[in-house]
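Below is one structure, written out as structure tokens; comments come after it.
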Amino acid sequence: MTEPFYWHLHPNSDESFLVIEGSLYIDLDNQTIELFPDQLFTIPKNTRHRTRPNGERSVNLTFERQDIETIRLNN
């Protein structure tokens, strides 16, 4: 990941991020989580969020349903 992702939610799936390299910010409505290599965080379905690298890039594995639905939100 080299650019921030837009605000969105997934009504039919949780979404989990495992950081491999660099660090990742996960912005939620009321807090920002920072993940480092080997850390995992799960965002429950229907939770408004966006992700963004901390620095030039972040390498992450994302786990989600194969048929995940993404609803783009305005800030």
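Assorted remarks:
- The criterion of at least 1 residues that are in contact (Cβ under 8 Å) with a residue 60 or more places away in the chain, among the small types (Gly, Ala, Ser) and open to solvent by 60 Å² or more (accessible area, probe 1.4 Å) is met by none of the strands (runs of 3 or more DSSP E) falling completely within segment 1-46.
- Within segment 60-75, being open to solvent by less than 100 Å² (accessible area, probe 1.4 Å) and either of a type outside the set (D, E, K, R) or more than 18 Å from LEU18 (Cβ to Cβ) (or both) holds for ASN60, LEU61, THR62, ASP67, ILE68, GLU69, THR70, ILE71, LEU73.
- All positions within segment 47-59 that are closer than 21 Å to ARG72 by Cβ and open to solvent by 30 Å² or more (accessible area, probe 1.4 Å): THR47, ARG48, ARG50, ARG52
- Selected residue [closer than 19 Å to ARG72 by Cβ and hydrophobic (A, V, I, L, M, F, W, C)] from LEU9, LEU18: LEU9
The values are calculated or read from the model by the stated rules, or taken from the named source; none is laboratory data. Remember, predicted model here, so these are calculated numbers, not experimental data. With ideal geometry, Cβ positions are generated from the backbone for all residues, glycine too; neighbour counts draw on all protein chains shown. For the accessible areas, the whole protein counts, side chains as well, though only heavy atoms, and no ligand, DNA or RNA atoms are used. Shrake-Rupley method; radii C 1.70, N 1.55, O 1.52, S 1.80 Å.
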